[in-house]
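In what follows, a structure is listed as structure tokens, so that the remarks can point back to it.
A short reminder: the numbers here are calculations on the coordinates, not readings from a lab. Everything quoted here is computed from the prediction, not taken from an experiment. Methodologically, a virtual Cβ is constructed for each residue, glycine included, from the backbone with ideal geometry; neighbour enumeration extends over all protein chains shown.
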Amino acid sequence: MDLYWIFFRMGAFTFGGGYAMLPIMQEEIVNKRQWATDTEIIDYYALGQVVPGIIAINTATLIGHRRRGNWGGLFSTLGMISPSIIIITIIAAFFHRFQEYQVVQQAFGGIRVVVVALIAHAVIKMWKQSVKNKVGFVLFLISFLVIILSNISPIVVIIASALAGLVLLQNKEGVAPK
Amino acid sequence: MIYITLFLEFFKIGLFSIGGGLVSLPFLYDLVDKYGWITSQDLLDMIAIAESTPGPIGINAATFMGYKTAGILGGAIASLGMAAPSLIIIAIIVHYFMKFNENPLVRAGFDGIRPAVVGLIAAAGFQVAKISLFNFDLYKTTKDFSQLIDLKALVLFAVMLYGINRFKKHPIVYIAIAGFVGIIFKF
């Protein structure tokens, strides 16, 4: 139950998910409770990023699991997602009514543009970290075009690119991006 | 049964989104395409809301979409579906912990996935850009090229992209600014 409330608080006070969570997690888990060291948290976090799933949820599950096994993982995750469910449900319930005002429509007209800018920014940032060689560039281009031009599911693209990585990038391990 | 569909669809998203924040976007877009639970415009509004409210973006988006589709229970089920793969996978790999990361096969696989994920997000971004930066539908009906480009939106886009890169403030700041700009310049 402790785990539930700790992660409930984290979920309730982390704006933007993922990366924003790290400092709060360090404060709650390392400084306040000494459940893990700074390096361990970074390791959990790194693992949370490469394992499928949402980073915040992965890291929460991992810490909970280390602490109290399967149930610990479950309660940490439930704690983490509870605030979202509550807050978003409230917003979504009223959002429809808000949408009828012209002012709100105009505001969201502007906001939609900035969301595209945020996405573009995320792409640029991830590009710098992920696309480091010709193979990477080709994989980027292919997956971009496949999604734009066909109805193939992103899931197929992910699996295909993992296989391509296995075949084409294994020997480059020494220089591969980390 | 809508609840089962919701759970399974978001389970798949949780299973295949690797990384943080916007990586689930291409999958959400795919759902919009497939089921029409919400519109592409709703998707953009949803991202803005998910980024401006506390909690992981993916979970926020799942709750929002689930709620729009099947009410309160739908929101909760979509979120649980999205979180479930993490629980299962972490429980399995926690035993192999550190070694998992260092396995050359695993790393080569992820080195292939990462650039593809960037491509997926770029594609989803491109598709939503068609709605908010260009008036494709209007262009299709009028065939008037000058109608295609929404100049106001493009200027705002360029300024915001520059600002995001330059000042690195929290997304909520830019979302608030864009909201005001939208009201003042009547977007």
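Compute the length gained on full extension between A:Met1 and A:Arg97: take 0.36 nm times their separation in residues and subtract their Cα-Cα distance, giving the result in nm to one decimal.
So the extension gain works out to 30.9 nm.
Using θ = phi - 60° and the Karplus curve 6.51 cos²θ - 1.76 cosθ + 1.60, what whole-Hz ³J(HN,Hα) does each residue of the stretch A:72-81 get, with Gly and Pro shown as x?
x, x, 4, 5, 4, 5, 4, x, 5, 8
Work out the charge dipole of the stretch A:2-98 with +1 on the Cβ of Lys and Arg and -1 on the Cβ of Asp and Glu about the Cα centre, then indicate which of A:Thr89, A:Thr14, A:Tyr44 is farthest towards its positive end.
Farthest towards the positive end: A:Thr89.
Could you tell me whether chain A comes out rounded, prolate or oblate from its Cα gyration tensor? Rule is a ≥ b ≥ c as square roots of the eigenvalues, rounded for a/c under 1.5, then prolate if a/b exceeds b/c, otherwise oblate.
Oblate, since a/c reaches 1.5 and b/c is not below a/b.
Could you tell me what a quarter of the Cα convex hull surface of the stretch B:2-110 works out to, in nm² with one decimal place?
Convex hull of Cα atoms, orientation-averaged projection: 7.4 nm².
With no solvent and one point per C-alpha, what does the Debye sum give as log10 I(q)/I(0) for the protein assembly as shown at q = 0.11, 0.15 Å⁻¹?
Calculated log10 I(q)/I(0) at the listed q: -0.74, -1.37.
Using amide H atoms built 1.01 Å from N in the peptide plane, name the residues 5+ places from B:Trp37, or on other chains, whose amide H lies under 5 Å from its own.
Counting only residues 5 or more places away or on other chains, the set is empty.
So what is the 222 nm mean residue ellipticity for chain B from helices alone, if each DSSP H run of at least 4 adds -39500 (n - 2.57) and you divide by all residues, rounding to the nearest 500 deg cm²/dmol?
-27000 deg cm²/dmol
Tabulate in residue order the Karplus-calculated ³J(HN,Hα) for the stretch A:87-98, using 6.51 cos²θ - 1.76 cosθ + 1.60 with θ = phi - 60°, rounded to whole Hz; enter x for Gly and Pro.
Going residue by residue, I get 5, 5, 4, 5, 4, 4, 5, 8, 4, 4, 5, 4 Hz, with x marking Gly and Pro.
When only Cα pairs under 8 Å and 6 or more residues apart are kept, what is the percent relative contact order across chain A?
19
Output the pairs from A:Lys125/B:Lys68; B:Lys12/B:Lys68; B:Lys130/B:Lys186; B:Lys130/B:Lys152; A:Lys132/B:Lys130; B:Lys34/B:Lys130 with a Cα-Cα distance over 23 Å in this structure; if there are none, say none.
Listed pairs above 23 Å: A:Lys125/B:Lys68; A:Lys132/B:Lys130.
For chain A, what does -39500 (n - 2.57) per DSSP helix run (n ≥ 4), summed and divided by total residues, give at 222 nm, in deg cm²/dmol to the nearest 500?
My calculation for chain A gives -25500 deg cm²/dmol from helical runs alone.
If you take every residue apart from A:Ser150 with its C-beta less than 13 Å away from the C-beta of A:Ser150, what net charge results, scoring Lys and Arg +1 and Asp and Glu -1?
-2
Mind putting a number on the dipole of the stretch A:2-98 about its Cα centre? Charges go on the C-beta only, +1 for Lys and Arg and -1 for Asp and Glu, and I need it in Debye to the nearest 20.
Charge dipole of the stretch A:2-98: 280 debye, to the nearest 20.
With unit charges on the beta carbons (Lys and Arg positive, Asp and Glu negative) and the dipole taken about the Cα centre of chain B, which residue among B:Ala48, B:Ala153, B:Ser79 sits farthest to the positive side?
Working it through, the farthest residue towards the positive pole turns out to be B:Ala153.
Would you please classify the overall shape of the stretch A:102-172 from the alpha carbon gyration tensor, given that a ≥ b ≥ c denote the square roots of the eigenvalues, rounded means a/c under 1.5, and beyond that prolate means a/b larger than b/c while oblate covers the rest?
Since a/c reaches 1.5 and a/b is larger than b/c, the shape of the stretch A:102-172 is classed as prolate.
Determine ³J(HN,Hα), in whole Hz, for all residues of the stretch B:110-126 in sequence, where each value follows from phi through the Karplus function 6.51 cos²θ - 1.76 cosθ + 1.60 and θ = phi - 60°; x replaces Gly and Pro.
Listing the rounded values in order: 5, 5, x, 5, 4, x, 5, 4, 4, x, 5, 5, 4, 5, 5, x, 4 Hz.
Summing Lys, Arg as +1 and Asp, Glu as -1, what charge do residues with Cβ under 12 Å from the Cβ of A:Val30 carry, A:Val30 excluded?
-2
Would you mind telling me which residue in A:Ser153, A:Ser84, A:Ser130 has the biggest mean-square fluctuation in a Gaussian network model of chain A, where springs connect alpha carbons within a distance under 10 angstrom?
Comparing A:Ser153, A:Ser84, A:Ser130 in the GNM, the peak value goes to A:Ser153.
How well do other chains shield peptide B:69-77, expressed as the mean number of their Cβ atoms within 10 Å of each residue Cβ?
That average works out to 3.
Would you mind checking which residues have amide H under 5 Å from A:Thr14's amide H? H placed 1.01 Å from N; only 5 or more apart, or other chain.
Amide H neighbours of A:Thr14: B:Gly55.
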